[in-house]
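Contents: one structure, followed by commentary.
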Amino acid sequence: MRKKVSVEVVSVRYMDGSEETTSVISEGVYNPDTGLLMYKTEEEGSVTAVVIHLFGNITVKMSGSINSEMIFDREKVTTGLYNTPFGRHDISIRTHEAEHVSAGDAESIALRYSLTLGGLDLGETRMKIKATYI
């Protein structure tokens, strides 16, 4: 059964002694039977659909102006592709934290990972996602 949710994503990237924070609020749907959270974001006229699978390893798939699949597995470094309008890049993800907590009125996800894009170290990212039932 799909439930409407308000999704808040706060991401902080730490690199070279500085930090960059981004935040997005969007409406979406969550299916507690399948563990799928789905929402869309829009930035500078480009829409990106995001699907997060919460059962097992947390997986984030994006499609639109940016296409990627990121698998967060604390047991190993995962790899994939990151497609942008500027080209395709190999990514490697070293997961330090990947937690999903289901509360009565919300789903909370905490991710902390290091990302390498095309061989370039992009530092550490800490992301918190909260999907509150509407």
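The values are calculated or read from the model by the stated rules, or taken from the named source; none is laboratory data. Nothing here was measured: the structure is a model prediction, and the numbers come from that model. Because the Cβ atoms are built from the backbone with ideal geometry, glycine has one as well, and the counts that use them run over all protein chains shown.
The table below gives the values:
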item: Search result, residues across the stretch 39-77 that are over 14 Å from R112 (Cα atoms) and of a type in the set (S, T, N, Q); result: T41, S46, T48, S63, S65, N67, S68
item: Cβ-Cβ under 9 Å pairs, at least 6 apart or on other chains, the stretch 85-114 side within 10 Å of F72 (Cα to Cα) and touching a residue at least 24 places away in the same chain (Cβ under 8 Å), far side outside any strand (DSSP E or B) and among the polar types (S, T, N, Q); result: A98/N57
item: Strands (runs of 3 or more DSSP E) fully within the stretch 68-131 counting 2 or more residues that are touching a Gly at 6+ places or on another chain (Cβ under 8 Å) and under 20 Å from T21 (Cα atoms); result: 106-117
item: Residues being touching a residue at least 12 places away in the same chain (Cβ under 8 Å) and assigned to a strand (DSSP E or B) - total across the stretch 1-21; result: 13
item: Search result, residues across the stretch 49-76 that are over 12 Å from the mean Cα position of the chain (by Cα) and among the β-branched types (V, I, T); result: I66
item: Selection status of D73, at pLDDT 95 or above, over 22 Å from E42 (Cα atoms) and among the acidic types (D, E); result: yes
item: Residue in the stretch 1-23 that is nearest to the chain's Cα centre (by Cα), counting only those that are within 19 Å of E124 (Cα to Cα) and aliphatic (A, V, I, L, M); result: V9
item: Which listed residue is surrounded by fewer than 16 Cβ atoms within 10 Å (Cβ to Cβ), among the aliphatic types (A, V, I, L, M) and free of Cβ contacts under 8 Å to residues at least 24 places away in the same chain, from V77, V50; result: V77
